[in-house]
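S.K.: Mind looking over this structure? Questions follow.
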Amino acid sequence: MDDVSNQGQAIELLQQLGLKEYEAKSFVALTRRHHGTAKEISETSDVPRTRVYDAIRVLESKGLVVTQHSNPQVFRAVTIDEAVNTLQSEYVERTETLRSALSGLEPTDGDDETEVTHEVWSITGGNGITSRTQQLLEGATDEILLVIGHESILTDALVERLQEARDRGVDVVVGTADEAIRGKIQQVLPAVEVFVSELEWLSRSPLPSDTTEISRLLLVDREAILVSSFTESSTDSREHEQGVFGRGFDNGLVAIVRRLMATGSLFKDEPRNSEP
């Protein structure tokens with residue numbers, strides 16, 4: 001990634017973290033130099049000089065910039081690590097405040113706060129699907145059966161959740177679409193049972209016109225199922241990932257997957273129990 005792309009991405013991410021455009025541009029300009037006056041910041045960032053002072057005041061209040069009260073005033077950005085830690089702390093604080101505010105809302109339908117079962121819901125986007133995956137793994141108490149169809153799914157966070165589950169006594173079995181992915185998983189999770197699935201449709205569709213790839217198939221405690229996929233033509237498979245989620249012992253989607261596993265369709269060996 002070249003300098004222009006890095007700068008643009010940094011400005012965009014800073015805005016997503018709560019800074020306004022001129023504040024983000026001014027901060028990025030300062031990180032590119034040891035220190036700078038308002039005039040120098042303006043020249044580097046294309047922020048109007050009169051607006052630089054306003055931006056700096058906000059950045060200073062957030063602990064991202066320090067000021068030398070000379071004539072003219074000189075400004076310096078804190079270190080990159082300090083800035084990231086500051087923004088991360090503010091982001092966490094905001095999300096926790098949001099959690100508290102949402103939890104405190106009164107229900108409008110008068111129902112008790114219980115999760116609806118025996119229904120199937122769609123999930124769009126890699127972030128949402130990953131979040132649901134982690135939630136299911138963290139809540140597992142008995143068994144996790146996970147089939148990974150694409151190597152992009154194998155993240156450090158996923159490995160950590162699987163290891164945590166196994167450490168607390170959950171039976172973890174992981175399947176892959178090919179031997180290469182199996183080898184990677186076996187390296188990072190040596191104590192977990194890993195197999196290569198014999199279901200060819202997990203890695204490719206039998207229909208020539210179908211470019212859909214199954215990215216993950218997760219069954220937790222034999223009562224919750226998450227299946228996701230994306231198309232090979234997607235420029236960003238994570239962003240365009242689509243999934244369905246179902247929960248409940250009598251849920252049809254869950255029942256189908258459980259029976260596939262029980263008949264040995266997902267495993268080379270017979271499952272431990274003949275009936276789920």
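The values are calculated or read from the model by the stated rules, or taken from the named source; none is laboratory data. From a predicted model like this one, the values you see are computed outputs, not experimental measurements. For neighbour counting, all protein chains shown are included, and Cβ atoms are generated from backbone atoms with ideal geometry for every residue, glycine included.
S.K.: Look through region 27-47, keep the residues that are within 12 Å of Ala77 (Cβ to Cβ), of a type outside the set (Val, Ile, Thr) and in contact with a strand residue (DSSP E or B) (Cβ under 8 Å, 6 or more places away or on another chain), and return whichever of them is modelled with the lowest pLDDT.
M.R.: By that ranking, first place goes to His34.
S.K.: Right, here's the next one. Quick one: Val170 ticks every box in (1) modelled with pLDDT under 85; (2) among the β-branched types (Val, Ile, Thr); (3) in contact with a Ser or Thr (Cβ under 7 Å, 6 or more places away or on another chain) bar one, so which box is it?
M.R.: (1)
S.K.: I need the full set of residues from region 48-70 which are farther than 13 Å from Lys20 by Cα and either touching a strand residue (DSSP E or B) at 6+ places or on another chain (Cβ under 9 Å) or part of a helix (DSSP H, G or I) (or both), in order please.
M.R.: Matches in region 48-70: Arg49, Thr50, Tyr53, Glu60, Ser61, Leu64, Val65, Val66, Thr67, Gln68.
S.K.: Test of understanding: among Thr235, Thr231, which residue is at pLDDT 60 or above, under 25 Å from the mean Cα position of the chain (by Cα) and farther than 18 Å from Glu143 by Cβ?
M.R.: So the residue among Thr235, Thr231 that is at pLDDT 60 or above, under 25 Å from the mean Cα position of the chain (by Cα) and farther than 18 Å from Glu143 by Cβ is Thr231.
S.K.: Please verify whether region 94-108 includes one or more residues that are touching an Asp or Glu at 6+ places or on another chain (Cβ under 9 Å), not in a helix (DSSP H, G or I) and not polar (S, T, N, Q).
M.R.: There is at least one residue in region 94-108 that is touching an Asp or Glu at 6+ places or on another chain (Cβ under 9 Å), not in a helix (DSSP H, G or I) and not polar (S, T, N, Q).
S.K.: Being surrounded by 14 or more Cβ atoms within 10 Å (Cβ to Cβ) and within 27 Å of Val92 (Cβ to Cβ) narrows it down to one residue among Leu19, Leu13; which is it?
M.R.: One residue alone meets the criteria, Leu19.
S.K.: Quick one: count up the residues across region 26-47 that are part of a helix (DSSP H, G or I) and among the charged types (D, E, K, R).
M.R.: Summing the residues that are part of a helix (DSSP H, G or I) and among the charged types (D, E, K, R) in region 26-47 gives 3.
S.K.: Evaluate region 102-118: report whether one residue or more is surrounded by 10 or more Cβ atoms within 10 Å (Cβ to Cβ) and not charged (D, E, K, R).
M.R.: So far as region 102-118 goes, yes, one or more of its residues are surrounded by 10 or more Cβ atoms within 10 Å (Cβ to Cβ) and not charged (D, E, K, R).
S.K.: Same structure, new question: From the list Val194, Val244, which residue is modelled with pLDDT of 65 or more, surrounded by fewer than 18 Cβ atoms within 10 Å (Cβ to Cβ), touching a helix residue (DSSP H, G or I) at 6+ places or on another chain (Cβ under 9 Å) and aliphatic (A, V, I, L, M)?
M.R.: The match here is Val244.
S.K.: If you don't mind, there's one more thing I want to ask. Report yes if His35 is exposed (fewer than 13 other Cβ atoms within 10 Å of the Cβ), in the same structural domain as Glu90 (by TED's automatic domain parsing) and over 24 Å from Thr95 (Cβ atoms), otherwise no.
M.R.: When the stated conditions are applied, His35 does not pass them.
S.K.: Right, something else. Would you mind finding the one in Glu12, Glu23 that is in a helix (DSSP H, G or I) and at pLDDT 95 or above?
M.R.: Result of the check over Glu12, Glu23: Glu23.
S.K.: What is the residue count in region 42-71 for residues that are closer than 16 Å to Gly8 by Cα and in contact with a Ser or Thr (Cβ under 7 Å, 6 or more places away or on another chain)?
M.R.: 2
S.K.: Being touching a residue at least 60 places away in the same chain (Cβ under 8 Å) and either surrounded by fewer than 19 Cβ atoms within 10 Å (Cβ to Cβ) or within 27 Å of Val4 (Cβ to Cβ) (or both) is true for just one of Leu87, Leu64. Which residue is that?
M.R.: Answer to the selection: Leu87.
S.K.: Let me ask something additional. Looking at Leu158, Leu162, which one is closer than 15 Å to Asp221 by Cβ and either buried (at least 18 other Cβ atoms within 10 Å of the Cβ) or assigned by TED's automatic domain parsing to the domain that holds Leu219 (or both)?
M.R.: Step by step, each of Leu158, Leu162 is checked, and only Leu162 is closer than 15 Å to Asp221 by Cβ and either buried (at least 18 other Cβ atoms within 10 Å of the Cβ) or assigned by TED's automatic domain parsing to the domain that holds Leu219 (or both).
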